[in-house]
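> Please find one structure pasted underneath; my questions will follow.
The values are calculated or read from the model by the stated rules, or taken from the named source; none is laboratory data. Not measured: the values here are computed from a predicted model. For neighbour counting, all protein chains shown are included, and Cβ atoms are generated from backbone atoms with ideal geometry for every residue, glycine included. Note: accessible area is taken over every heavy atom of the protein model, side chains too, but ligands, DNA and RNA are not part of it. Shrake-Rupley method; radii C 1.70, N 1.55, O 1.52, S 1.80 Å.
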Amino acid sequence: MTIRNWFKFFLNALLIGGLVTGVFGLFIRWDDAFSQYFEAGQWGEFLAAFAFMVVMGFTISVIAQMGYFAYLTIHQMGVNIFRTLTLWNWVQLLIIAFVIFDLIMFRFRPNAETTGQIWLYVILLTVLIITSVVVAIVKANLTKKHALISALFFMIVISTLEWLPVLLVRADNVDSWVTLLLFPILAVNAYQLLALPKYNAKSEVDRLKLEERRKNRREAASAKN
């Protein structure tokens, strides 16, 4: 990928993370972060709280982008270690099952002290899985069918790893942060998975155009000589 296209890719992912976190934060953390300023008419503090959410989204976006490029390396290593993509796909399915089991038994279950929390974690897990399946299907349709398992692995396993730090926190109102941060992670990861091939294709076109311009300049210089 060329520097120009990488910058566009990075900036778009950054904006998606900030926008999703800011908008969802208005609803999910309204009572904790916004309502008191809205009711008191303290618009400066209200905007500052919103800006904090956006910056938090920027941070999540950067983490998600680091996770994506780390996954690209892991994926290539997995194919090389297990020799065939088929065997690597089975390993990825096994890891997906383990991660979902870990989420249920060791992340959600210990924190589900009330019926409301149980339903919250059920909904979050459902959002994670359904979003991942939909994105993986779209990815497979846009590229190749064998990309389905790898896309599913990235959306579930890598997204969970990026989500894990807030899942490990034990504090008041942590459920709102657990809920909020899932959405920018999924949004940025979905964007990266689906948009990267387009930017790679643009980079290839840009390289071909650059080579053509260089060739033309060389031919023009030779003609002058």
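> Taking the chain as a Gaussian network, Cα atoms linked when under 10 Å apart, which of Tyr121, Tyr71, Tyr37 shows the biggest mean-square fluctuation?
Residue with maximal mean-square fluctuation among Tyr121, Tyr71, Tyr37: Tyr37.
> Please get the size of the charge dipole for the chain, origin at its Cα centre, with Cβ charges of +1 on Lys and Arg and -1 on Asp and Glu, quoted in debye to the nearest 20. Can you show the working numbers first?
Numbers: 20 positive and 14 negative charges, 353 e Å.
In total the dipole reaches around 1700 debye.
> Restricting things to Cα coordinates, could you compute the convex hull volume per residue of region 1-88 in Å³? Please list the in-between numbers first.
Details: hull volume 10.2 nm³, N = 88.
Cα convex hull per residue, to the nearest whole number: 116 Å³.
> A further question on this structure: Most mobile of Ala136, Ala48, Ala187 per a Gaussian network model of the chain (Cα springs, under 10 Å)?
Taking springs between Cα atoms under 10 Å, the residue moving most is Ala48.
> Here is a follow-up. Name the residue farthest towards the positive end of the dipole of region 1-116 from the options Tyr71, Leu87, Ala97, assuming +1 on Cβ of Lys and Arg, -1 on Cβ of Asp and Glu, about the Cα centre.
Leu87
> Now, a different point. Kindly point out which whole DSSP H helices in the chain project their C-alpha atoms 30 angstrom or further along the helix axis while averaging a Kyte-Doolittle hydropathy of 1.6 or above.
Qualifying helices, which must be both long enough and hydrophobic enough, are 115-142.
> Next question. Students often get this wrong, so check it: of Lys139/Lys202; Lys202/Lys224; Lys144/Lys198; Lys145/Lys198; Lys8/Lys209; Lys8/Lys139, which have C-alpha atoms separated by over 25 Å? Please report the intermediate quantities before stating the final value.
Numbers: Lys139/Lys202 18 Å; Lys202/Lys224 33 Å; Lys144/Lys198 15 Å; Lys145/Lys198 18 Å; Lys8/Lys209 19 Å; Lys8/Lys139 20 Å.
Lys202/Lys224, as the Cα separations exceed 25 Å there.
> If one puts a single equal scatterer on every Cα of region 110-171 and applies the Debye formula without solvent, what log₁₀ I(q)/I(0) results at q = 0.12, 0.19, 0.29 Å⁻¹?
-0.39, -0.75, -1.15
> Taking only the alpha-carbon positions of region 1-42 and ignoring solvent, what does the Debye formula give for the base-10 log of I(q)/I(0) at q = 0.27, 0.31, 0.34 Å⁻¹?
-0.85, -0.94, -1.00
> Take the alpha-carbon centre of region 98-157, take the same for region 1-75, and report the distance between them in whole Å.
21 Å
> Here's something else I'd like to know. Remind me, relative contact order of region 8-137 in percent, using alpha carbon pairs under 8 angstrom and six or more residues apart?
On the way: 54 pairs, mean separation 28.6, N = 130.
Rounded, it is 22 percent for region 8-137.
> Trp90 label point, 7 Å along Cα→Cβ, cut-off 18 Å on backbone N: hits in region 153-167?
153
> Measuring with a 1.4 Å probe in the full set of protein chains, what accessible area per residue, in whole Å², belongs to the chain?
Values: 12970 Å² over 225 residues.
Dividing the accessible area of the chain by its residue count gives 58 Å².
> Taking the Kirkwood radius as the inverse of the mean 1/r across Cα pairs, report the Rg/Rh of the chain. Walk me through the numbers on the way to the answer.
On the way: Rg = 21.8 Å, Rh = 19.8 Å.
Result for the chain is an Rg/Rh of 1.10.
> If you don't mind, another one. Would you list, by chain and number, the aspartates and glutamates whose Cα falls below 20 Å from the Cα of Lys215, excluding same-chain residues fewer than 8 positions away?
Straight-distance partners of Lys215: Glu204, Asp206.
> Kindly provide the helix-only [θ] at 222 nm of the chain, computed as the sum of -39,500 (n - 2.57) over DSSP H runs of four or more divided by all residues, to the nearest 500 deg cm²/dmol? Could the numbers behind the result be given before it?
Numbers: 8 runs with 185 residues, N = 225.
For the chain, the value works out to -29000 deg cm²/dmol.
> Another question, if that's okay. Please tell me the relative contact order of the chain in percent, rounded to the nearest whole number, where contacts are Cα pairs under 8 Å and at least six residues apart. Let's see the in-between values first.
Details: 188 pairs, mean separation 73.2, N = 225.
For the chain, the relative contact order is 33 percent.
> Determine the gain in length on full extension of the stretch Arg217-Phe82; use 0.36 nm per residue of separation and subtract their C-alpha separation, reporting nm with one decimal. Provide the component values of the computation, followed by the final result.
Working: separation 135, 0.36 × 135 = 48.60 nm, distance 4.72 nm.
That pair, Arg217 and Phe82, stretches by 43.9 nm at full extension.
> Next up: Tell me the carbon and sulfur percent of the accessible area for the chain, rounded to whole percent, probe radius 1.4 Å. All intermediate terms of the calculation are to be shown ahead of the outcome.
Details: 8980 of 12970 Å².
Here carbon and sulfur together make up 69 percent of the probe-accessible area.
> While we're on this one: For region 46-145, taking Cα atoms only, what is the radius of gyration to one decimal and the Dmax to the nearest whole Å?
Cα-based Rg and Dmax for region 46-145 come out at 17.6, 55 Å.
> Just to be sure I understand the model, the point goes 7 Å from the Cα along the line to the Cβ. What's the resulting Val55 to Val23 distance in nm?
2.3 nm
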